[in-house]
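Student: Before we start, here is the structure in question, set down as structure tokens.
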Amino acid sequence: MNGFSGDGLQFTLSAFNSLKIRLLALLLLVALPGIVMIFVQADSRRSAALQDTLIRAETLTQQIVFNQQQIIRNTHRYLQRLAQAEPLQNPSDPACSAYVADVLKLTHSYVNIGVPRVDGELLCNAFPLQKRVNVRDRGYFQRTISQRAFAIGEFQMDRAANQVSVNFSLPVISPAGDIQGAVVAVVSLEWWNIRLAQAGLPEGSVAFISDAEGNVVANFPAESEMLGRSDQLYGAPDNDQTVTGADGITRVFSTTELYRTPAGRTVMMSIGIPLGETIEIINKHFTYTLLLFMILMCGVLVLAVAGLRRNVLEPLDQLTSATEQLSHGELHSIRRNHASCELSRLQDRFHDMAVTRLTAEQKALQRNEELNSVFNALPDLYFRLSYEGRVLDHRITEASDSPWSIESLGQLSILELFRTQKQNSCWMR
């Protein structure tokens, strides 16, 4: 197992040492910052789209809040003038109903006007009543009677007008200072739906108003089955953020306080704008950009590998082949058609070195042959001596009848040779 691991590691290191692999690694390092920038740019575009959508939702909610506050101020002034009308001093008189009916025709801001008595019984109303109506249980009516002040109700289903609306009330006080009842103006949410319809919201946008308990009292687009149900069905967040609703659509929500009742109960409005189309465009742009970049890098890779093979690898293969030829004493011409200038100079120097080496080897071989010819022409026995008389080289053949052994000649001087063999002279010739 250890041997296999060692072989695998050696193979891996050997593969990494390849020029081609190193070129691929270099191109990957070059491409990596570009890929990172593409992802960063896409994330930045998504963040910018989210921020733009949130700003759009916040701007729209602020506009609607401003409209609502304007409606409250206008209604307050309207009720102040209306409460001073003489027919309203007697809410039980049919003349009161006739008067408010005529007044209602002069404005499109309100869907109903009524004047309930102090006991809450509604006898004076702009529209004929089909059944008995008493508003004594309504909080806005109780605050108007007890505090003698302008009061705002909560969004509710108006029992006289049969619409989702908000009621505004002001006490009707006689010249003597007695409370005769309360004049009530009913404002429908139709203006709210019209304002949202004119806002040009993307398809899939939602808007709703929820009461203090978080129940939906109005919505856009109008869905009656959602009224009175929890606003969490829309995926409404506690704060401005991106959430996915039960319908699977991801929206950016902006939630703003629409108004606060005297009792401290808040009415909230939320607008959710879908991100799907914007994110889809950004994702497509990201995909196209990444794909184009990868195609470009693949093209660069193909050109780089082709250039590496043509200008580097093939010349190096030729040099390697020439080296093997040189080891056998041969040398063929090296093609330098596409080699880089550096490799061309290297090939030239290698060629010059190879020619010099082969020439030197040829001369050495020729010199050796000449020496062998000289040696062959010499007598059967000869010595080559140093200045001290030591035997440096010798030639002894069987025909020379030498009295010395070949092993002993390298240890003797010429004087010793003559001293030990002075009786034998037949070998000298």
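Bear in mind these aren't lab numbers, they're just calculated from the coordinates by the rules spelled out. Since the structure is predicted, the reported quantities are computational estimates derived from the model, not experimental observations. For neighbour counting, all protein chains shown are included, and Cβ atoms are generated from backbone atoms with ideal geometry for every residue, glycine included.
Student: First measure r as the distance between the Cβ atoms of Glu121 and Phe293, then evaluate 1/(1 + (r/R0)^6) with R0 = 51 Å and state the FRET efficiency to the nearest 0.05.
Tutor: 0.10
Student: Taking R0 as 22 Å, what's the FRET efficiency between Ser109 and Arg260 from their Cβ-Cβ distance, rounded to 0.05?
Tutor: 0.50
Student: Same structure again: If you plug each phi of the stretch 188-198 into the Karplus form 6.51 cos²θ - 1.76 cosθ + 1.60 with θ = phi - 60°, what whole-Hz ³J(HN,Hα) values come out, in order, with x for Gly and Pro?
Tutor: So the Karplus estimates, Gly and Pro as x, are 7, 7, 4, 4, 5, 5, 5, 4, 5, 5, 7 Hz.
Student: What are the GluC sites (Glu not before Pro) within the stretch 123-223 that DSSP puts in a loop, where the Cβ has at most 11 other Cβ atoms within 10 Å?
Tutor: Glu203, Glu213
Student: Put +1 on the Cβ of every Lys and Arg and -1 on every Asp and Glu Cβ in the stretch 76-212; which of Ala98, Val206, Phe127 then has its Cα farthest towards the positive end of the dipole?
Tutor: Highest projection toward the positive end goes to Ala98.
Student: Amide H to amide H under 5 Å from Ala182: which residues, 5+ apart in sequence or cross-chain, H placed 1.01 Å off N in plane?
Tutor: The list, which skips near neighbours in sequence, is Val172.
Student: For the stretch 271-304 and the stretch 36-102, what is the centre-to-centre distance using only Cα atoms, to the nearest Å?
Tutor: Rounded to whole Å, the Cα centres lie 42 Å apart.
Student: Here's another thing I want to ask about it. Taking 0.36 nm per residue of separation and subtracting the Cα-Cα distance, what length does fully extending Asn74 through Ala197 add?
Tutor: 42.0 nm
Student: If each residue's Cβ is checked for other Cβ atoms within 10 Å, how do Met37, Met297 rank with the fewest at the top?
Tutor: Least to most surrounded, the residues fall as Met37, Met297.
Student: Please give, to one decimal in nm, the separation of the simple spin-label points placed at Asp43 and Arg136, each 7 Å out from Cα toward the Cβ.
Tutor: Output for this residue pair reads 6.6 nm.
Student: Let me know the charge dipole size of the stretch 81-166 about its Cα centre in debye, to the nearest 20, where only the beta-carbon of Lys, Arg (+1) and Asp, Glu (-1) is charged.
Tutor: That gives a dipole near 140 debye.
Student: Multiplying the sequence separation of Glu369 and Ala149 by 0.36 nm and subtracting their Cα-Cα distance, what value in nm do you get?
Tutor: Once the chain is fully extended between Glu369 and Ala149, it gains 65.7 nm.
Student: Here is a further query. Say a paramagnetic label sat at a point 7 Å from the Cα of Val30, along Cα to Cβ; which residues of the stretch 273-308 have their backbone N under 18 Å from it?
Tutor: Those under the cut-off are 292-308.
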